[in-house]
Structures are given as C-alpha cells and as structure tokens.
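Undergrad: To start, I am sharing the structure in question, which I have written as structure tokens.
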Amino acid sequence: MKQLIYVILLSILLSTACNSSKEINISKTLQDNRQTEELEEINISKTLQDNRQTEELEEINIRKILQDNRQTEELEAQFFDISEENKQGFALPGLDHGLIQSPINVLTKSVEHVDSRTITVRYKDEVNAVANLGHTIQLYFAEGSTISAHGKTFQFKQMHFHTPSEHQLDGMTYPMEMHIVNAAEDQENGRIEYLVVSILFKMGGENKFISDFRDLIPEEIHSVHNIQAGRVRLSDLLMVTRKDKSEEGLYFYKGSLTTPPFTESVNWYIDKHTYEASPEQIHTIEKIEGHNARQIQEIHERVIEGS
C-alpha cells in the first residue's frame, strides 16, 4: 500500500514539474514576443522618423528649386521678353493690358509707306554665348554693338526665338520668329526703351547662321555655352539677296513686350524679307522651347508704317 502511495506522489511531482516547465517556456515565449514587438515598434518608429526626415529634405530641395527658378525668371525679365514660359496660345486677340500691345497682324495693304524709318547698325558681329532657357533659345552679344533709330542709340542685348511666329503678315503665321533685342536707358528717369527687330522664318534650305550654333545649344535647361569669337556671325543671316524690292525695307509700329509685364515701350521693326531655315533646324528649336508665342493683339488706332 505504501508503495502505491509513493508511486502516486512521484507521479504528482513529475506532473507538477512538467507544468512548471511549460509555464516557464510560455512565459519566456511571451517575453520574447513582447521584446520582438518592442523592436518592431522601434523599427517602425525609426522608419517613420527617417521618412519624415526624407520628406523634409525633399520639401527643402523643392523650395530651393522653386526659389532658384523665381530668381532666374526675375533676372530674365530684366532682359525683356523671356520672363516665363508662355502658355497663352497665339490665334486670337486676348488680354487687355493697354492699347498698344504686341504682337500684331500686319495687313500689308493698309501699311502707310514712309521714307523716314531707317536704322543704322554698328556692331562687332560677336555672338559670345548661347543659352537653353527651357522656353526659348537665346544668343548673347558681346558689349559694344549698337543700333540707332529716331534719334536714339540702343545697345545690342540678345536674340531669341519663338515657335511659331508671334507676328503675322496678312493673317499668316510662320513656323519661327527671331527677335533681336536692343535697349536704351533714359538717363533722366531710368526708363528702359527697346528696339526689337523681328525676323520671320519659313521652311526651306538650311540656314548657315543657325547651323553654326545649333550643336552648341546646352542640353540642360538654364545652362549657357560660351561661343568662340567669330564662330557665329549675325551677318551670315542678314546679308542675303532679296529677290525684288517688295522684300526690301521694314514694317514699323509702337508696341509692347510680349511677356509679362507687357510694358508698352517697344519700337518694333519687322523685316519684310522672309528668311529660310530647314525643317530640321526649326524642329530642333521647337523641340527645346515648345510653343512660346503670345496671341495676336488688337491694333486699335495705331498706324503701321513701311519703308
């Protein structure tokens, strides 16, 4: 009988020991799970913190890019006509910023012919840089070149392109237009007056002037490439043979900048001769700058002169 009691007691002790061991294992497992969850929470917290830091850095970089772009646009606006990408279209008269806005549609049959509108050009023919501004291609002149008209002398500043043309002749839009921008500052009031020569292009033969700088246009937006003196000459463009007298002379009118703030301080001279550039040359420029022409504006009471 005593032996039976011993066996039962031993069985109870063994069972109790097993249960205790299981409880210890369960407790350890629960403790391990809690530690794992704590580590996961720490990792999640660290990941969220890293993400927040990354987002903050990205926001700082975006703000810096936007600030740089605004500063670039402010600087460009000082040099006329290139303050921002223009998305206004070009087909119909539009915004009301005054009564002498640009560009216009020149109706050649209504032009008043005069003999007094002449310009005198004195330039070194030194194009020293080409820039990719994203919304236009711009060429810069070395200092010292001038153009004189109606008693004032203007300094050559830059020339840039619009695709398609901004000005129209008898309702016709051309695939490309180049503006040669010149500026004069009034010494008394500091007001800037501009003289801009407009060159219209049609598709035709390859243009040497464009060929000489096309491969030098930077791929990166807002980049400038310096040009060796004598490599690109404006005379290669302008010194062309006119077929007849109808292609000689200029149209003249008083107008405005074609980008904000649309200041009405521009003497526009539109060359009557239509220049040629190959389809490939025009497409190269258009691919970079896109459609950057302002819509045609009302003439109102202005007189368009022709010489």
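Undergrad: Please compute the length gained on full extension between K202 and E298, using 0.36 nm multiplied by the number of residues separating them and subtracting their Cα-Cα distance. Before the final figure, lay out the partial values.
TA: Numbers: separation 96, 0.36 × 96 = 34.56 nm, distance 2.44 nm.
Contour length minus the Cα-Cα distance gives 32.1 nm.
Undergrad: Past 26 Å, Cα to Cα, is the threshold; run K208/K245; K152/K243; K124/K245; K254/K287; K157/K243 against it and keep the listed order. Present the calculation step by step, with values, prior to reporting the outcome.
TA: Working: K208/K245 24 Å; K152/K243 31 Å; K124/K245 28 Å; K254/K287 31 Å; K157/K243 30 Å.
Checking Cα-Cα distances, K152/K243; K124/K245; K254/K287; K157/K243 exceed 26 Å.
Undergrad: If amide H atoms are built 1.01 Å from N in the plane of the peptide, which residues on other chains or at least 5 residues away come under 5 Å of the amide H of S145?
TA: Those lying under 5 Å, H to H, from S145 are K124, F156.
Undergrad: For T274, which sequence-distant residues (separation of 5 or more, or a different chain) have an amide H within less than 5 Å of its own amide H, given hydrogens modelled in the peptide plane?
TA: none
Undergrad: Please give the solvent-accessible surface of I288 in Å², to the nearest 10, using a probe radius of 1.4 Å with every protein chain present.
TA: 50 Å²
Undergrad: Same structure, new question: Through the Karplus equation 6.51 cos²θ - 1.76 cosθ + 1.60, θ set to phi - 60°, convert the phi angles of segment 282-289 into ³J(HN,Hα) values in whole Hz; use x for Gly and Pro.
TA: Coupling constants for segment 282-289: 5, 5, 4, 5, 5, 4, 7, 9 Hz.
Undergrad: Between segment 239-301 and segment 122-194, what's the alpha-carbon centroid distance in Å?
TA: With segment 239-301 and segment 122-194 each reduced to a Cα centre, they are spaced 11 Å.
Undergrad: Moving on. What does a probe at M172 reach in segment 213-242, counting residues whose amide N is under 17 Å from the point 7 Å along Cα→Cβ?
TA: What the label zone holds, given the 17 Å backbone N cut-off, is 242.
Undergrad: Would you grab the residues whose amide H sits under 5 Å from the one on A129? Only those 5+ places off in sequence or on another chain, please, with H modelled 1.01 Å from N.
TA: Y140, I227
Undergrad: While we're looking at this one, here's another question. From the C-alpha coordinates alone, can you work out the Kirkwood hydrodynamic radius of segment 198-307, in Å?
TA: Numbers: mean 1/r = 0.0604 Å⁻¹.
Here the Kirkwood hydrodynamic radius works out to 16.5 Å.
Undergrad: Hey, what do the phi angles of segment 172-189 turn into as Karplus ³J(HN,Hα) couplings, whole Hz, using 6.51/-1.76/1.60 and θ = phi - 60°, x for Gly and Pro?
TA: For segment 172-189, the Karplus curve yields 9, 8, 9, x, 7, 9, 10, 10, 9, 9, 10, 9, 9, 9, 6, 5, 7, 10 Hz.
The values are calculated or read from the model by the stated rules, or taken from the named source; none is laboratory data. The structure presented is a predicted model; accordingly, all values stated were derived computationally and were not measured. Here the Cβ is made from the backbone with ideal geometry for all residues, glycine too, and neighbour counts use every protein chain on show. Accessible surface areas use protein heavy atoms only, side chains included; no ligands, DNA or RNA. Shrake-Rupley method; radii C 1.70, N 1.55, O 1.52, S 1.80 Å.
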